[in-house]
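What follows is a set of notes on a single structure, which appears directly below.
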Amino acid sequence: MRKLKLQMQVTADGFVAGPEGELDWMTWNMDEKLHDFINHLTDTSDTILLGRKMSPGFIKYWEHEIAKPQGSQYAFARKMVELGKIVFSKTLHAIDGQNVRVENRDLKDAVSELKQAPGNDIVVYGGATFVSSLIENALIDQFNLFVNPVAIGKGLRIFHDRHPFELTASVAYACGIVVNTYEPKGSPETNRQ
């Protein structure tokens, strides 16, 4: 079965965005080893899940970056454009972009079906509301939380209830980010250890 893996930036005090969705607290100057880890998450996946609110900016940004073959993000931009992207929406039926389709069915049914299909893992980047829905439906198999060395005091969260986890890895990077990888406690993966 394919895993659904979350990759998400968070503050040291547990927020994924400021009160108005601000991301000005993120560490943008990441080191090479962290980039290698991000590439590994992407390279082991063949599908990206996105929420409706995040998808237009995400798709536009990476399609703009792929137009700059000499740019520092070109290789990663190619991955982001070439991977299949599924946007979950209750209101939209189409979104402009390469390798993008919109999913209007029930979230739990659609994601469960995707996880049963053949292929590599599935990665989700956000946004906050969409990820919260995935968490509420117990659909995420691996949480890769990129803890930035900053506290912002208030903002948007992805967790609204108690969720027990098993820590499977914790790596500090030179740029100050610590990536904590968790799996839901009691999942088949954590029971093997």
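The values are calculated or read from the model by the stated rules, or taken from the named source; none is laboratory data. Everything numeric in this text was worked out from a predicted model, so none of it was measured. Glycine also receives a Cβ, built like all others from the backbone with ideal geometry; neighbour counts cover every protein chain displayed.
Among the residues of this structure, Ala94 counts as one that is in a loop (DSSP other than H, G, I, E, B) and aliphatic (A, V, I, L, M).
Do we find a residue being loosely packed, with under 14 Cβ neighbours inside 10 Å, on the phi < 0 side of the Ramachandran plot and among the polar types (S, T, N, Q) anywhere in region 136-157?
No, there is no match, as no residue in region 136-157 is loosely packed, with under 14 Cβ neighbours inside 10 Å, on the phi < 0 side of the Ramachandran plot and among the polar types (S, T, N, Q).
In the set (1) loosely packed, with under 13 Cβ neighbours inside 10 Å; (2) in contact (Cβ under 8 Å) with a residue 24 or more places away in the chain; (3) in a loop (DSSP other than H, G, I, E, B), the condition left unmet by Pro69 is number (2). Out of all the residues in region 89-121, which are surrounded by 13 or more Cβ atoms within 10 Å (Cβ to Cβ), under 16 Å from Lys5 (Cβ atoms) and in contact with a strand residue (DSSP E or B) (Cβ under 8 Å, 6 or more places away or on another chain)? Residues satisfying the conditions are Val111, Leu114, Lys115, Asn120, Asp121.
Here Thr47, Thr11, Thr27 are screened, and the one residue that is over 26 Å from Leu107 (Cα atoms), within 17 Å of the chain's Cα centre (by Cα), modelled with pLDDT of 95 or more and of a type in the set (Val, Ile, Thr) is Thr11.
Within the set Asn144, Asn137, Asn104, the sole residue that is without any contact (Cβ under 8 Å) to a residue 60 or more places away in the chain, touching a helix residue (DSSP H, G or I) at 6+ places or on another chain (Cβ under 7 Å) and either of a type in the set (S, T, N, Q) or under 17 Å from Gly186 (Cβ atoms) (or both) turns out to be Asn137.
If you check Gly155, Gly176 for being at pLDDT 95 or above, within 21 Å of Lys53 (Cα to Cα) and not basic (Lys, Arg), only one passes: Gly155. Taking Ile86 as the residue in question, decide whether it is touching a helix residue (DSSP H, G or I) at 6+ places or on another chain (Cβ under 9 Å), at pLDDT 95 or above, buried (at least 16 other Cβ atoms within 10 Å of the Cβ) and in a strand (DSSP E or B). Yes, satisfied.
Matching residues to (1) surrounded by fewer than 17 Cβ atoms within 10 Å (Cβ to Cβ); (2) touching a residue at least 24 places away in the same chain (Cβ under 8 Å); (3) among the acidic types (Asp, Glu); (4) outside any helix (DSSP H, G or I):
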{"site": "Asn29", "(1), (2), (3), (4)": "yes, yes, no, yes"}
{"site": "Lys33", "(1), (2), (3), (4)": "yes, yes, no, no"}
{"site": "His64", "(1), (2), (3), (4)": "yes, no, no, no"}
{"site": "Ala75", "(1), (2), (3), (4)": "yes, no, no, no"}
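Residues that are under 18 Å from the mean Cα position of the chain (by Cα), within 17 Å of Val16 (Cα to Cα) and not charged (D, E, K, R) number at least 3 in the following strands (runs of 3 or more DSSP E) confined to region 116-193: 121-126, 142-148, 178-184. Residue-level check: of (1) in contact with a Cys (Cβ under 6 Å, 6 or more places away or on another chain); (2) buried (at least 19 other Cβ atoms within 10 Å of the Cβ), Ser55 misses just (1).
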